[in-house]
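Okay, structure first, notes after.
We did not get these values from a lab; they are worked out from the coordinates using the rules stated. As the structure is a computational prediction, the values presented were derived from the model and not from experiment. All Cβ positions, even for glycine, are placed from backbone atoms using ideal geometry, and neighbour counts span all protein chains on display.
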Amino acid sequence: MVMVAGSTTEDPSVVGDGSRIVICGVTYAPNLGDGVIAECMAHALKVISPSSSIMHVDLAAREGYGQVSVKGKRGLLFVMRAAPSFVRRLVVDAGLSVFLARKALPKWRALFRSGDIVIIGGGHLLSDYNLNFPKKIELVTRLAHEVGARMGFHAVGVSANWSRRGTKLFAAALARCSFVATRDAKSLERLEQSLPGIDIPKSTALDPGYLAKSCYSSVEASTSGVGLNVSDPDELAQYAGNASIRDKYDALWIALVKAYADAGYKVNLFTNGAEEDESYLAHLADLASKEGVSGFSVITRSITPSDLVAVIKGLDLLVGHRLHAQIVAFAHDVPSVALGWDDKLESQMALMGRGEFVVPFGKPDADTVLEYGRKALAGQVDGSKSRALASQAQDDLLTSVRSIISSSPIAARV
């Protein structure tokens, strides 16, 4: 019997038919939560399909960690936020068309081959922010479909923000696939509402990030104490459809640094790696210096998922917005407090049995967060729960791979 630690899946090699497995997602995104997903998925696939080779296709055509797909993203985001919605759509659509034609199309066309098993996921990919994912996913599925690859979606998040054009593009992509598994019931409900006539098997599957403890077992912790996982509040507000609350979060983070430092904790400020988050972290550090706040360290930007895991796994407490920082903490039995901003974070925290540690979005007063933190530090993460979710995440991936392998390449329907 071969298994990932904690799994009850026997004889996983039955899915190994020697085919190449291609994971399509945003593997090399600066926000390293996406890299955690991809690496955990690859880690499990090496066990459940040992005869298959595994490769990654990044939907921004990056080829490794630390690569920049959009130069000056911070400034571009600032300009785009101020622009009318129709202007944003026109600008992004034009830029995407050039990117896909000049960079992605030649690279991806030469990549896929007959017999490939293409897994699109995980992460929040079925989301339509100015047609970004709809156009990329439609293209990558079209090219894979043309050569007879077998395809499916695994553990993908689904947003309710699909435009009319985005819906058509996603419908075309899904019509080429034999299976789709969303990462939670809410995402499945949204998928069925957006595409009520979709005629392929559907299910839910746990986020591969729950396998982080097994995947990163050789990674040594690089710090300890309290980790404040900082995110750019303007970007969070934009995605959540709320007005900017930067001043509130400035005050919150500074107050948390003071409180935990005064309580004797080593305080670490860090991000998941995104450029806009790093810019906000630099702003916070400068603000703290001007206000005479001390007793904290700014962690050097993580470049790889292993770097991020090393920061998180040795902490006494994690506080932050980012979902996969929370999942990595949970997998390593680190207590955490989630600063809520969208329903995917809330649903995953509930799944972990930690829904009581989610602070509502837009209400980031320090006293409230500190009280949540006090309760988190007084308790402990349920290790049996984290092991059970890791086992289920592997079994769900096995189900998805089996479903894709058992299908024949789908004849063109779009």
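Radius of gyration (Cα atoms) of region 215-381, expressed as a multiple of 2.2 N^0.38 Å: 0.94.
Computed over the Cα atoms of region 282-414, pair by distinct pair, the Kirkwood hydrodynamic radius stands at 17.4 angstrom.
Along the chain, the longest continuous region that contains none of the trypsin sites (Lys or Arg not before Pro) in a DSSP loop with at most 11 other C-beta atoms within 10 Å is 72-412.
One Cα centroid belongs to region 105-168, the other to region 176-237; the line between them spans 16 Å. Between the helical axis of 185-194 and the longest alpha-carbon principal axis of the chain there is an angle of about 50 degrees. All alpha carbon pair distances within region 92-170 were sorted into 10 Å bins beginning at 0; the resulting P(r) in whole percents reads 19, 47, 32, 2. The three principal axes of the C-alpha atoms in the chain carry coordinate ranges of 65, 55, 35 Å, sorted with the longest axis first.
Think of each Lys and Arg Cβ as +1 and each Asp and Glu Cβ as -1; about the Cα centre, that makes the dipole of region 204-273 roughly 220 debye. So what is the relative contact order for the chain, in percent, with contacts set as C-alpha pairs under 8 Å and at least six apart? 19 percent.
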